[in-house]
Every structure is written in structure tokens, then in C-alpha cells.
Amino acid sequence: MAEKEKKEKPKVPRQKMPEQEPKVRAKNFNEVPFGYTPELAQLEASRCLQCKKPKCIEGCPVEIDIPAFVKLILDGDFIGAARKLKERNSLPAVCGRVCPQEDQCEKVCIVGKKDQPVAVGRLERFAADWERAKGEVFVPEKAPSTGKKVAVAGSGPAGLTLAGDLILKGHEVTIFEALHKPGGVLIYGIPEFRLPKEIVQAEVNYLERLGVKVECNCVIGRIETVDELLQEYDAVFLGLGAGLPQFMNIPGENLCGLYSANEYLTRSNLMKAYLFPQYDTPIARGKNVAVFGAGNVAMDSARTALRLGADTVRIIYRRSRDEMPARIEEVHHAEEEGVQFYLLTAPTRFFGNDNGWVTGMECLRMELGEPDESGRRRPVPIKGSEFQLDCDMAVVAIGAGANPLLPTTTPGLELNKRGYIVADLETGKTSKPGVWAGGDIVTGSATVILAMGAGRKAGNSIQEYLMSK
Amino acid sequence: MHKILRKREMAENTVCQLKVEAPRIARKGKPGQFVVLRVNETGERIPLTMAGTDASAGTIDLIFQVVGKSTALMRTLNVGDSIADIIGPLGRPTHVENLGTVICVGGGTGVAVMYPITKAYKEAGNHVIAIVGSRTKDLLILEDEMRGASHDLRVTTDDGSYGHHGFVTDVLRQILDERKDVKLIVGIGPVPMMKFLCKMTKEYGVKTIVSLNPIMVDATGMCGACRVTVGGKTRFCCVDGPEFDGHEVDYDELVKRQRAYLTEEKASMDRFVATAK
């Protein structure tokens, strides 16, 4: 099992990506890192040991041949590296940016045992960006047409991955998207400064060039039910995302200026409210902003608020730093930009003015008790620790639940007690014949790459099903 | 893209009706449901009720009042122009059954929402009394349509320029005093109208349904912009509504939430007017 080969410690340190200065970037929506130059990329690639039994591939949910693409970068064949990535991953420019590599490929990298691991994510991003910038996007050959039709509900990471896989097998694939732009969470959720929308658009364009049909403005469950889709399509995949904002259920939560993270980010990202009035959608530009929660979505919301002109942005989280679910890099970026952290703190109620706008809140200090069902230590309120904080805008980013719109219009689809679709984690099969599901609507809020992994597995299972039919 | 096939100016040129191509929505849309639309690439998403659907022609009717930039821009569109995105049908359809006597009360542009619902109650076999009201005669819309959709139509204007001089609630009270067989009241109009109507019908103990129109963004239950308090619980108007038990709605909260972006809306409208000149 364990790698016994003796390797010399690499002499080259892990290469940083040049990025915008924190003070500058906190006032604009441009992407934070500039990405590697070819020289930096090759230098970083030289740190890879080209292990005979690479751990990194096992660490990747879609099993990219990491040593192979890194070697191609080292050799200066950047286009070749991008193609190597695309053998396993249809969205490398996205994953290079938003994958939690520190918990996956980079976590198990042998170089990382004694030094910092090879920066696989940054290299992935470099190769994908290189290919896109050069305009030499490779379109692989498709299998001959099978005459089979697959419908995909949702154009997020799970749906896009599955569509990319199945179109190459010769099936007809149509993606139905509820919003007016495809990309799901990549478009409405993740801000421009972390994932430029042009990149998502390019990935969708690539699928369309392969022949995938994308129909926007189609809310499955309303315009067509799953049963209606099954009359026309041989298989249906549900990659709906979680899509139901959670609130804290405390008094005053319906005051104006108090957003769910979904609403706040959708206004800013999908509707481009940060460009108001060039774009018509308004968004509150709070000066003193509170964000509840400490996941990536909370960090995105806090950093968006700074860019929209806030003087003070506070992350308010009921547990401690160790339990924060956000990627370390995101927390680091937020802190650098000036976001403050109020840890072990929970709001109990909100105050508003006569117009119904939020003006502040009452909070309680917490301490950590015994671990709860999530394995994290449970926050326990400290008696008599109430204090007040002012705010003129707030964002609730404490997670999402399962949106009931489609499940409740689909008879025969088994749901768990929290409303998520029950699906086999290896195949994506649901209780309803001909219907597969994957991503957040099965697992609850997770990551882009896990949704892509689920899309891939369901795609394989659909392929097997269609060819045996 | 959804092509505009017909345009009709109504009510002193402040209300406008568009017949647009939307074959799929036309096939599926039911009374009480609504659409969300985005006029163009830089547009916001606004909810509008369908005043009618024609499945065979593949068209839907949209009736809107010019209240801000998006609706002002929509009014500048002509036959042959297109609307960038229309998403629907959204929301739960009206639950229509044969109850006996039903009163449908529409105020202002709420009459547009009321019209297909009134028609549906009549078709289900109810005896339908309709009351429509507006500030003044020239602002009254769909009078003939509402007459056809009901058994008995009453008209009110706030200034007495047409029909009963007063509010829809005056006429409603009169009817409720006269007949005790009213099983359901449906009230759709400006929030103050619905609020006072419901306050009154509660006295009579008659079940009252209202259709709410809060600010929405995605309108699929994803963002929560449209949350309303009904019976002390937070509900999402886009997926749980738009119709709710009128006696349970927190109208004061609804009004405040509808006004959340007044400053921005005004700035947007001023900018639009300035560039249109």
C-alpha cells in the first residue's frame, strides 16, 4: 500500500499564483488570482515526482490522470495537458478554481508529506485557461447515434458532466434549466471574482458544440413533469441542486435588507445587480453587514458585500474557527480583504425601523459542548451573555434544504425524511424506473466536484441501462 | 424569445395587454398561475399573472400596469418585437370546485388576475357574483370580459365616475348582508384593498382567498425573496402560493417588503425616462 520509494525532497517550493492586492480587489468584481504564467506552471509541474502508484488519482472524485497532465505541462504541451484533463473532467477551468483540492488530490500527494503538495488545482486551471485562450478547444469524436434520448433536469455541475459523457456515447441529450442562463450554482451562486461567468459560458458552449441541447426557462415539475419527460425520453437525470434556502426561524427574519444567501448571490451573480443601474435588478448596498454561517457561501456573500461598498462585514458563526466548513483559502481571502469574524456567536432576534428595514440584532455568546450528530462540538448558549449589534443588511448563509417543487410533482420518487431524493450513491438510480438523480438534491449541499462525480456515475449507469434496453 | 402578436392599450394608457407567443406555457397554464419574465438581456425578473391562455394558438395574455422601469420598457414594445425570457407556468393553480355561490372581487389591475379565475368558477358550476373596482372610470379594465365570466357584475369607482360611488368593499358588504349562501370570496387587488376586504369578510365568517404579488427573483422556491407571513408562518409565495387564506396574511409586512427597493426603482425609472427623451 504505502509508497516505499525513496524520493529526494523537491528543491522548488510550491509556486504561488499572482493575485490582486486585497485592498484593491475588495472593491472590484474581477477574479482574485491571475493564474500561473507558463514559466510558473512549468516550475510547479517540475515538483511532481511522477509516482508509479499515484495517490492523487485516487484522491480525485473523477479520477483525473494527474501525473500525466502535469508531465505534459512540464514538457510545454499545454494543449495536450488540457486534453488529458478533459478525458476525465469536462469542466477543468471550473474545477481548477473551486475544487477543495486540499481535501482531495493535494491531501494525498506524496510531495506533501514533507513539503507542501504539488498545486494540482492551480495547474489544472492553467491548462484549461490556456486551451480556452488559444481558442483551440478540442472537440472529441462522438460514437455513432444510438437513437436514445436522455433528459437532464438542471444544468449545474452534475447535469453538465452527465450530458458531456452521454453525448459522446451517441445519445441525444437535452438539458432543461429553470433559470434563464445555464450553469446552475456556477452561474447564480459562485461570484464572478471566484469564477468568471465567461468560463462557465465557455464550458456550456463546448457541450453545445458536442450537440447537447440546452433549454432554459424550463421548470421541470411545472412546464413538464418527470412522467411527461419519460414518455419522450429513454432516461431522465435529476441534477436539481438543493435549492431551498434555510432560515434561522427567529423573530424579525422577514425584515427588508435580510436576505437568504441564495437571493443575495442570485441578485448579484445571475442578475448582475452589482452593475445596477446598467442592469435593472436592484440589490441592497449595506454599509454594516452581518453574514450568518461560515461555509464557502457565507464567505462569498461577505466578500460580495465588501465589493458592493460595505464598510464593515461580519461573519457571525455559532461554532469556533475549527468547525468552519469553508475552504481555508476562502477564509484566508475573506480575512485579507477585511471581513471580521464573530465566532461562537448566534443571533436570537432582529430589530427593524418603521419602514421594515433591519437595523440590528441581539446575539448570544456560545461555548462548545459535546459533539453532535455531525461529529462537531455542539454550540451551547452562555446564559446572560446577550448583547446587541447594529447592521443595515444581513445575509443568512446557513445552508440549503431540498427544494420540493419537482419531488412533490413526481409520484413514485422516494424521498428521505429531509426531502432529498433517495438514490443509489454508486449508480444514481432512484426508486422510479428510468429516473436517476445526483448532486446536492441527493446528498444535501456539497461541492462542485462531488456533484460532477455523481453525474459521472449516473451517466455510466444510464449508459449501461440504455445499451441493454 | 417570445414574439408579441397583439398589443392593446387599456385604462388611460397606464395598463397594457400583450398577446405573446409561448406555446408550452399556453398548453400548461391554469387559472391562478403566473409567469416570470425578463424583457431583455439587462432586465430584471418580474412576476406577472396570465390573464388568459390559448393552447391552440400557443399564446398567453399578459396584462400589466406601468409601475416602474421594466413595465415602462415593456410598454414601448410593439407587435413583432419580442420578450427575452418568459418562465412559467409558476405557482399553484387556483383550487376550483363547485361550492354554490362565489364572489370574485377585483381591484385595479387585480381584475386581470381575477378574470381567468372568475371564468373557472363559473365553468365549475358556481353562481358567480363579480365586483370590479377602480379609482376612476378610465382605469377600469376588462369590464365586458368580467361580465361574460360571471352571472352578476357590479362595478365601483372611488370617484363615482361610473357604477357605484365608493369601494368594492361597500358593495361586498351589501351583498353579504343580503344573502347568507356565499361560500367563498376571492379578492385580488392592491394590498390595502385585500387587507380591508379580509378584515370585513372575517366579520361575516366567509372564507376568503387572496392572490399575493410580492417581489420575486427566481420564483422556483430557491431564493425566498417572496416570503410572506401567513398564519404566523413564513411561506414562499412563488411555490406555496400565490393564493392564500386572506384572513391569515400579514399585509403590513407584505407592503413593507414590496417597497424594499423604492429608491432604486425610482432611480431606474428616472434614468429610463431621461434616456428615452
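Annotations for the structure displayed:
- Within segment B:169-214, if we keep just the residues that are polar (S, T, N, Q) and out of contact with any Leu (no Cβ under 6 Å at 6 or more places or on another chain), the residue that is surrounded by the fewest Cβ atoms within 10 Å (Cβ to Cβ) turns out to be B:174.
- Options A:183, A:170: the member that is surrounded by 23 or more Cβ atoms within 10 Å (Cβ to Cβ), without any contact (Cβ under 8 Å) to a residue 40 or more places away in the chain, of a type outside the set (S, T, N, Q) and assigned to a loop (DSSP other than H, G, I, E, B): A:183
- Taking every residue in segment A:23-48 that is crowded, with 16+ Cβ neighbours inside 10 Å and pairing it with any residue that is assigned to a loop (DSSP other than H, G, I, E, B) and acidic (Asp, Glu), at least 6 positions away or on another chain, the pairs with Cβ-Cβ distances below 9 Å are A:25/A:31; A:29/A:192; A:31/A:192; A:42/A:75; A:45/A:75; A:47/A:115.
- Every pair of residues 6+ apart whose Cβ atoms lie under 8 Å, when the first sits in segment A:133-149 and is loosely packed, with under 10 Cβ neighbours inside 10 Å while the second is in a loop (DSSP other than H, G, I, E, B): A:144/A:170
- Look at (1) within 20 Å of residue B:236 (Cα to Cα); (2) at the interface with chain B (Cβ under 10 Å from one of its Cβ atoms); (3) among the hydrophobic types (A, V, I, L, M, F, W, C) and you find that residue A:276 fails only one, number (1).
- Residue within segment B:90-105 that is assigned to a loop (DSSP other than H, G, I, E, B), over 17 Å from the mean Cα position of the chain (by Cα) and within 20 Å of residue A:281 (Cβ to Cβ) present: no
- Candidate set from segment B:225-277 (those that are acidic (Asp, Glu) and under 22 Å from residue A:274 (Cα atoms)); member that is farthest from the other protein chains (Cβ to nearest Cβ): B:270
- Selection status of residue A:307, under 24 Å from residue A:200 (Cβ atoms), surrounded by fewer than 23 Cβ atoms within 10 Å (Cβ to Cβ) and not hydroxyl-bearing (Ser, Thr, Tyr): yes
- All positions within segment A:7-22 that are in contact (Cβ under 8 Å) with a residue 40 or more places away in the chain and exposed (fewer than 12 other Cβ atoms within 10 Å of the Cβ): A:9, A:13
- Any hit, segment A:187-202, residues being under 20 Å from residue A:459 (Cα atoms) and in contact (Cβ under 8 Å) with a residue 40 or more places away in the chain: no
- Of the residues making up segment B:57-73, just one is in contact with a strand residue (DSSP E or B) (Cβ under 9 Å, 6 or more places away or on another chain), within 14 Å of chain A (Cβ to nearest Cβ), surrounded by fewer than 19 Cβ atoms within 10 Å (Cβ to Cβ) and not polar (S, T, N, Q), namely B:58.
- Test for residue A:330: is it crowded, with 16+ Cβ neighbours inside 10 Å, among the charged types (D, E, K, R), part of a helix (DSSP H, G or I) and touching a residue at least 24 places away in the same chain (Cβ under 8 Å): yes
- Any chance residue B:239 is within 18 Å of residue B:108 (Cα to Cα), in contact (Cβ under 8 Å) with a residue 24 or more places away in the chain and surrounded by 19 or more Cβ atoms within 10 Å (Cβ to Cβ): no
- Looking across segment B:45-66, the residues that are touching a Ser or Thr at 6+ places or on another chain (Cβ under 9 Å) and not in a strand (DSSP E or B) come down to B:45, B:66.
- Scanning segment A:189-243 for residues that are within 14 Å of another protein chain (Cβ to nearest Cβ), surrounded by fewer than 19 Cβ atoms within 10 Å (Cβ to Cβ) and in a helix (DSSP H, G or I) yields A:197, A:201, A:227, A:228, A:232.
- Among the residues listed as B:82, B:70, B:56, the single one being at negative phi, touching a residue at least 40 places away in the same chain (Cβ under 8 Å) and hydroxyl-bearing (Ser, Thr, Tyr): B:82
- Residue in segment A:311-330 that is charged (D, E, K, R) and closer than 21 Å to residue B:45 by Cβ present: no
- Pair list, Cβ under 6 Å, 6 or more apart: segment B:260-277 residue on the phi > 0 side of the Ramachandran plot and surrounded by 11 or more Cβ atoms within 10 Å (Cβ to Cβ), other residue part of a helix (DSSP H, G or I) and modelled with pLDDT of 95 or more: none
- Residue match in segment A:243-259 (condition: closer than 30 Å to residue B:55 by Cβ and within 16 Å of the chain's Cα centre (by Cα)): yes
- Flag for residue B:210 being more than 14 Å from chain A (Cβ to nearest Cβ) and outside any helix (DSSP H, G or I): yes
- If only residues of segment B:46-56 that are of a type in the set (Ser, Thr, Tyr) and buried (at least 22 other Cβ atoms within 10 Å of the Cβ) are counted, the one that is farthest from residue B:188 (Cα to Cα) is B:53.
- Of the residues making up segment A:383-422, those that are in a loop (DSSP other than H, G, I, E, B) and closer than 30 Å to residue A:306 by Cβ are A:385, A:386, A:391, A:392, A:397, A:398, A:399, A:403.
- Whichever residue in segment B:203-238 is hydrophobic (A, V, I, L, M, F, W, C) and under 22 Å from residue B:185 (Cα atoms) and, among such residues, is nearest to the chain's Cα centre (by Cα): B:212
- Counted residues, segment A:261-273 - those being within 7 Å of chain B (Cβ to nearest Cβ) and not in a helix (DSSP H, G or I): 1
- Qualifying residue in segment A:454-462 (condition: touching a residue at least 24 places away in the same chain (Cβ under 8 Å), of a type in the set (D, E, K, R) and surrounded by fewer than 19 Cβ atoms within 10 Å (Cβ to Cβ)): no
- Residue within segment B:245-252 that is assigned to a loop (DSSP other than H, G, I, E, B), surrounded by fewer than 21 Cβ atoms within 10 Å (Cβ to Cβ), of a type outside the set (D, E, K, R) and on the phi < 0 side of the Ramachandran plot present: yes
- Subset of segment A:244-258 that is facing another protein chain (nearest Cβ under 8 Å) and in a strand (DSSP E or B) - its residue that is surrounded by the most Cβ atoms within 10 Å (Cβ to Cβ): A:245
- Here residue B:31 meets each of (1) part of a strand (DSSP E or B); (2) away from chain A (no Cβ under 14 Å); (3) under 23 Å from residue B:238 (Cβ atoms) with one exception, condition (1).
The values are calculated or read from the model by the stated rules, or taken from the named source; none is laboratory data. What you are looking at is a predicted structure, and each value in this text was computed from that prediction instead of being measured. Heads up, the Cβs are rebuilt from the backbone with ideal geometry, glycines too, and the neighbour counts pull from every protein chain shown.
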